[in-house]
Structures are given as C-alpha cells and as structure tokens.
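A quick write-up on the structure given underneath.
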Amino acid sequence: MIPFNKPYIVGTEMLNIKEVINSHKLAGDYKYTKYCHKWLENHIGCCKVLLTHSCTAALEMAAILADINPGDEVIMPSYTFVSTANAFVLRGGVPVFVDIREDTLNINEQLIEAAITSHTKAIVPVHYAGVACEMDTILEIARRHKLLVIEDAAQGVGASYKGRALGSMGDLGTLSFHETKNISSGEGGALLVNKPSLVKRAEIIREKGTNRSQFVKGQVDKYTWLDIGSSYLPGEIVSAFLWAQLQEVQNITKKRIEIWNKYHNAFHKLAQDKKIKRPLIPNSSSHNAHMYYLLFKNIKQRMYFIESMKLKGVDCYFHYIPLHSSPGGCEYGRIHGDISNTNDLSDRLVRLPLWVGLDVDYVINQVLDVISTFKEDNF
Ligand SMILES: *Cc1c(COP(=O)(O)O)cnc(C)c1O
C-alpha cells in the first residue's frame with residue numbers, strides 16, 4: 001500500500017536529541033528552541049516567533065491576544081481544520097463562516113466586508129494548501145474596520161505572497177509542524193507575532209500567565225502571575241527534532257514541488273477534456289507544494305475514485321467536512337451569506353499522496369487508469 005503521508009526524516013534529529021538528553025535540559029526554551037526562534041524570525045521576517053506544542057495552541061494564544069470575549073465575532077472560512085474555529089470558541093467567540101473562492105479554495109475576500117458587524121473582532125484567512133489568500137485586499141479591509149488579522153498558515157511553511165512569507169502579514173500568524181505538514185516535529189507549531197506591541201503579552205500567555213521569560217532573561221528578579229495563560233511551549237526534545245528539519249526546508253520544498261509539478265503536468269489533458277479540475281496557483285503566490293488535489297464532478301465520482309485507488313494500493317483522502325455543517329459548527333458558529341462553493345467543492349475534492357520519496361509515476365499511472373474507467377452516465 002502506498003501511504004497517503006510519510007513524514008520526512010532528515011537524519012540528524014537523533015544526534016540533536018541525544019545532545020539534549022545528555023545536557024539534562026529537557027524543559028522548554030533552551031538552546032534548540034532559541035535556535036528555531038531565531039531561524040524562523042530571520043527566514044519569515046517576523047519580529048517575534050514563539051514555538052508552541054501545536055498550531056492549535058498557537059491559535060489559542062492568538063485568540064487570547066486578540067482579546068476575544070463572549071459574543072465577539074471572527075470571520076473565517078468554513079472549509080478549514082477545526083482548530084481555526086475552536087481556538088476562538090474557547091474564549092466565547094463566534095466563528096462567522098463565509099464562502100471560499102472556486103479557484104484556490106481560500107476565503108473569498110470579496111465576501112468578507114459584508115459579514116462585518118459591530119461585534120467583529122478579527123479576520124482569520126487560512127492559506128489552504130500553502131497557497132496564499134488575497135492578503136492585500138484582506139489587510140486593507142481590516143485596516144479600514146480596525147480588525148485584527150490572524151493568518152492560519154498551518155500549511156504554509158516555505159510559501160509566500162508577493163515575496164512575503166505566509167504568516168508574516170497579519171498582526172499574528174500560526175504555523176504547524178504536525179507530522180502531516182511539510183516540516184514536522186511530530187506535534188508542533190509556532191505563533192508569529194508581527195505586531196511589536198503584542199510580544200510581551202504573548203510571552204506571558206505562553207508561560208502560564210507569568211513573566212517567567214523576563215525572569216530567565218534577567219529583566220526581573222522574581223516571576224509571578226500577571227495574566228491569563230497556559231503552558232504552550234514545547235519541550236527541548238521536540239525543538240531539537242524541529243531544528244534538524246528547519247535546516248532542510250528549502251530541499252524538502254524543492255523535492256515536493258518536483259512531485260507536485262509531475263502530477264500537474266500528467267493531468268493537463270484530463271483537465272483540458274474537463275474530466276477533472278486541477279489546483280490553481282495565482283501569480284501572487286509562491287506555494288510550497290503542501291498538497292496536490294483533484295476536483296471531480298460529484299461526490300459519487302469522488303468516492304468511486306478513492307475506492308478504486310485503494311484497490312490499486314494507493315491511499316487517497318478527502319477533507320474537510322465544512323465546519324458550518326458539523327455539530328460543533330452549528331452550535332458555536334454561524335454562516336454569513338451563500339456558502340455553496342464550500343458545500344460543493346468539499347464534496348468533490350480528493351487529495352493525492354505527496355511526500356518526499358513517493359513513487360509519483362506509479363500513482364499517476366493508477367490515477368489515469370481509474371479515470372479511464374469513468375463513464376459519463378456512471379455518475
Ligand atoms: C494542521 C492544521 C491546523 C492544526 O495544526 P496542529 O499543529 O495539528 O494543531 C490548523 N489549521 C490548519 C489549516 C491546518 O491544516
């Protein structure tokens with residue numbers, strides 16, 4: 001069976017981890033965590049990076065930093081991972097779901113302004129598949145309405161919009177290093193703080209609501225409880241693993257792009273014949289080949305494809321169940337306006353395996369084979 005995902009291992013992770021074990025410094029914010037912070041700050045162009053134990057944790061920190069109070073509204077797509085919404089719901093916030101664009105499956109920036117009310121606090125663009133949202137428009141709307149922008153760049157490590165790294169453009173951004181993402185530490189994430197006035201509070205929230213990080217830097221002579229917070233930092237072993245991976249971002253992205261391009265070229269004719277649709281990368285976006293997907297005609301064709309690929313030994317997945325149609329989304333969020341692209345595209349999308357070392361030619365042949373058995377009247 002060809003798995004859907006296989007996390008890339010650089011090879012130097014264990015050396016770093018051994019060093020941490022021998023140093024007896026196992027909690028957070030030691031050498032490797034600091035290395036990762038500096039590296040990410042330099043490569044992303046962001047004033048403060050704070051590693052977290054997941055992107056979910058970084059989103060929870062962002063919701064606290066945004067001062068989300070009960071009843072405050074946060075505009076986001078429904079076509080996203082649950083944590084994008086859940087982080088705000090934990091603070092009593094209300095996710096307001098607007099529809100996605102048909103071409104990139106990102107939030108439709110043209111629909112955001114009409115969803116703004118006197119309760120709106122923030123906009124959360126999600127850079128789906130590491131392809132950028134239309135950030136110029138989103139940032140301009142946010143500026144006019146004095147809203148915060150929190151970029152969910154979980155899938156966006158190594159990708160950019162008009163030369164700016166994903167996660168570096170909003171007031172806050174979040175990254176994921178979950179094993180399904182391009183760069184991983186098993187579980188892991190980062191909060192990107194782009195607004196200098198939020199840095200101090202971000203450090204306090206991450207350290208259980210205390211000023212421990214100032215104490216460690218020698219800026220205060222004792223540390224104490226100051227604010228709400230939790231324990232959001234990863235242990236040093238996780239950071240040591242991540243440090244090995246960060247050295248390889250360019251190489252991993254390059255290899256993933258090669259696979260992505262092979263898929264894209266191989267399916268050119270199918271797209272021309274209108275049998276399937278392929279992803280679109282706008283000129284403004286330099287993507288990171290986080291994902292390759294195909295869009296079929298309807299849900300029956302999609303499920304037939306997944307089943308047929310499984311019989312040929314290739315694991316393909318679909319996602320997401322739109323949040324507005326999930327029990328949690330119905331209870332805690334609401335939609336604004338027509339959401340038909342979300343409903344339609346989430347039914348028709350299939351993700352193909354994409355990992356460094358994948359036998360992409362084999363997968364392409366199986367895909368072409370299965371699609372050649374499609375008959376118009378079958379579906
Ligand atoms: C993976 C993902 C997350 C959550 O990341 P974790 O590190 O697993 O918490 C959040 N949002 C999006 C869009 C994701 O793809």
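As an exercise: evaluate F318 against (1) more than 26 Å from E102 (Cα to Cα); (2) of a type in the set (F, W, Y); (3) crowded, with 17+ Cβ neighbours inside 10 Å and give the number of the one condition it does not meet.
Every condition holds for F318 apart from (1).
Being modelled with pLDDT of 95 or more and surrounded by fewer than 19 Cβ atoms within 10 Å (Cβ to Cβ) is the requirement here; does P327 meet it? It would help to see each step written out before you state the result.
On the way: modelled with pLDDT of 95 or more: yes; surrounded by fewer than 19 Cβ atoms within 10 Å (Cβ to Cβ): yes.
In short, yes.
Among the residues of region 236-258, is any touching a helix residue (DSSP H, G or I) at 6+ places or on another chain (Cβ under 6 Å), charged (D, E, K, R) and within 25 Å of K6 (Cβ to Cβ)?
First, pick out the residues of region 236-258 that are touching a helix residue (DSSP H, G or I) at 6+ places or on another chain (Cβ under 6 Å): 236-237, 239-244, 246.
Filter again for charged (D, E, K, R), leaving 236.
Checking the rest, the ones that are also within 25 Å of K6 (Cβ to Cβ) come to none.
No: region 236-258 contains no residue that is touching a helix residue (DSSP H, G or I) at 6+ places or on another chain (Cβ under 6 Å), charged (D, E, K, R) and within 25 Å of K6 (Cβ to Cβ).
Name the one entry in M61, M76 that is in the same structural domain as I183 (by TED's automatic domain parsing), in a strand (DSSP E or B) and in contact with a strand residue (DSSP E or B) (Cβ under 6 Å, 6 or more places away or on another chain). Break it down into steps so the answer makes sense when it comes.
Numbers: M61 fails: in a strand (DSSP E or B).
Result: M76 is the single residue among M61, M76 that is in the same structural domain as I183 (by TED's automatic domain parsing), in a strand (DSSP E or B) and in contact with a strand residue (DSSP E or B) (Cβ under 6 Å, 6 or more places away or on another chain).
Of all residues in region 44-64 being touching a Leu at 6+ places or on another chain (Cβ under 8 Å), more than 10 Å from the ligand (Cβ to nearest atom) and open to solvent by 10 Å² or more (accessible area, probe 1.4 Å), which is farthest from A165 (Cα to Cα)?
Looking at the filtered set, the residue picked out is K48.
Taking A142 as the residue in question, decide whether it is in contact with a strand residue (DSSP E or B) (Cβ under 6 Å, 6 or more places away or on another chain), part of a helix (DSSP H, G or I) and either in contact (Cβ under 8 Å) with a residue 12 or more places away in the chain or open to solvent by 10 Å² or more (accessible area, probe 1.4 Å) (or both). Even if it seems obvious, please write down each step before you answer.
On the way: in contact with a strand residue (DSSP E or B) (Cβ under 6 Å, 6 or more places away or on another chain): yes; part of a helix (DSSP H, G or I): yes; either in contact (Cβ under 8 Å) with a residue 12 or more places away in the chain or open to solvent by 10 Å² or more (accessible area, probe 1.4 Å) (or both): yes.
When the stated conditions are applied, A142 passes them.
When region 1-40 is examined, which residues are found to be in a helix (DSSP H, G or I) and surrounded by fewer than 16 Cβ atoms within 10 Å (Cβ to Cβ)? Let's see the steps before the verdict.
Narrowing region 1-40 to residues in a helix (DSSP H, G or I): 13-23, 31-40.
Of everything in region 1-40, those that are in a helix (DSSP H, G or I) and surrounded by fewer than 16 Cβ atoms within 10 Å (Cβ to Cβ) turn out to be M14, L15, K18, E19, I21, N22, S23, K34, K38.
Which of (1) in contact (Cβ under 8 Å) with a residue 12 or more places away in the chain; (2) open to solvent by 20 Å² or more (accessible area, probe 1.4 Å); (3) out of contact with any His (no Cβ under 8 Å at 6 or more places or on another chain); (4) of a type outside the set (A, V, I, L, M, F, W, C) does P77 not meet, given it meets every other one?
Single failed check for P77: (2).
Going by the structure shown, is G218 touching a Gly at 6+ places or on another chain (Cβ under 6 Å) and either among the aromatic types (F, W, Y) or over 30 Å from E13 (Cα atoms) (or both)? Reasoning before the result, please.
Numbers: touching a Gly at 6+ places or on another chain (Cβ under 6 Å): no; either among the aromatic types (F, W, Y) or over 30 Å from E13 (Cα atoms) (or both): yes.
When the stated conditions are applied, G218 does not pass them.
Could you grab me the full set of residues in region 327-379 that are over 30 Å from S83 (Cβ atoms), of a type outside the set (A, V, I, L, M, F, W, C), in contact (Cβ under 8 Å) with a residue 12 or more places away in the chain and not in a helix (DSSP H, G or I)?
Answer for region 327-379, where residues must be over 30 Å from S83 (Cβ atoms), of a type outside the set (A, V, I, L, M, F, W, C), in contact (Cβ under 8 Å) with a residue 12 or more places away in the chain and not in a helix (DSSP H, G or I): D359, T373.
The values are calculated or read from the model by the stated rules, or taken from the named source; none is laboratory data. Please read these numbers as outputs of a predicted model, since none were measured by experiment. When we count neighbours, we look across all protein chains shown, and the Cβ atoms used for this are built from the backbone with ideal geometry, even at glycine. Accessible surface is based on the protein model in full, side chains and every heavy atom, while ligands, DNA and RNA are left aside. Shrake-Rupley method; radii C 1.70, N 1.55, O 1.52, S 1.80 Å.
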